[in-house]
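Every read-out reported here was derived from the displayed coordinates using simple, explicitly stated rules and does not represent laboratory data. Source: prediction; values computed, not measured. Heads up, the Cβs are rebuilt from the backbone with ideal geometry, glycines too, and the neighbour counts pull from every protein chain shown.
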Amino acid sequence: MLIKGLGKEVIHLEYVSDKDMPFFYNALDLLVCLPLYKGFGLPLVEAMAYGVPIMASNITPMSEVVGDSELLVNPYDLNGITEALSSIMCLPIFCSNPCFSEAMP
């Protein structure tokens, strides 16, 4: 299922088996997890185990799970989210990646 407005860049998967999860986490450059509700945040723990950088909601328990080691943003602040993503996309790891640098203005 493609998410409207993002073309083929973002694909929403309904289900991924436990045995296939390492493939997806190893392929990630960044995990963006911005829930508006409270929950434990198991994807954050899994991503951290694979060394994936994270941008997460600053709500608890998300902020407690990742602590100061990751980028936390207010999930209701669209401008703040946009600014955070823009600053992340300027990091060398993304600027040197042709998939991202082609999309940059």
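Let's test the formula: R0 of 35 Å, r as the Cβ-Cβ distance of Ser69 and Tyr37. What FRET efficiency results, to the nearest 0.05?
0.95
Could you tell me whether the stretch 30-101 comes out rounded, prolate or oblate from its Cα gyration tensor? Rule is a ≥ b ≥ c as square roots of the eigenvalues, rounded for a/c under 1.5, then prolate if a/b exceeds b/c, otherwise oblate. Don't jump to the answer; show the numbers that get you there.
Working: a/c = 2.46, a/b = 1.41, b/c = 1.74.
Oblate shape, in that a/c is at least 1.5 and b/c is the bigger or equal ratio.
Can you list residues whose amide H is under 5 Å from Asn74's amide H, if they're 5+ apart or on another chain and H is modeled 1.01 Å from N?
Asn58
HN-Hα J couplings of the stretch 43-56 from phi, Karplus 6.51/-1.76/1.60, θ = phi - 60°, integer Hz, Gly and Pro as x?
For the stretch 43-56, the Karplus curve yields x, 5, 5, 5, 5, 4, 4, 9, x, 7, x, 10, 10, 10 Hz.
Could you tally the net charge around Phe24, taking each other residue with its Cβ under 14 Å from the Cβ of Phe24, Lys/Arg +1 and Asp/Glu -1?
Working: positive: Lys19; negative: Glu14, Asp18, Asp20, Asp29, Glu46.
Neighbourhood net charge equals -4.
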